[in-house]
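Working notes for the structure below.
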C-alpha cells in the first residue's frame, strides 16, 4: 500500500505542477497556469494529510509533507507574479 499511496501523491503533485505552470500542457506544449485548479489540488492534499494523520508511515508522511511544502511555495510564488492568461 505504501507504493500505491506514494504513486497517488506523485500523480496529484504532477497535476498541481501542471496547473501551476511548471509543466507544459501536453496538448499545446505551453505552460498554461490555472491557479484555481492548482489551489484545489493543494487543498485536497492538505485534507488527505489531515485525514491520514497518525496513519502514515515515516516515508509516506515525509513525501506528503515535502510535496505539500513545495506546492504551497510554488503557489505563493505564482500569486506574486501571475503570467498573462492566468486564471485565478
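Rule-based calculations on the coordinates, nothing more; no lab input. As the structure is a computational prediction, the values presented were derived from the model and not from experiment. Don't worry about glycine lacking a Cβ; one is built from the backbone with ideal geometry, like all the others, and counts go over all protein chains shown.
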Q: With a point put 7 Å past each Cα toward its Cβ, work out how far residue 51 is from residue 31 in nm, to one decimal.
A: 3.1 nm
Q.
Helix-only mean residue ellipticity at 222 nm, the chain, DSSP H runs n ≥ 4 weighted -39,500 (n - 2.57), per residue, nearest 500. What is it?
A. -23000 deg cm²/dmol
Q. For helix 58-80, what angle does its Cα long axis make with the longest principal axis of the chain, in degrees from 0 to 90 and rounded to 10?
A. 20 degrees
Q. Using Cα-only point scatterers and the Debye equation, what is log10 of I(q)/I(0) for the chain at each q in 0.24 Å⁻¹, rounded to two decimals?
A. -1.14
Q. Could you give the length gained on full extension between residue 70 and residue 10, defined as 0.36 nm per residue of separation minus the Cα-Cα distance, in nm?
A. 20.4 nm
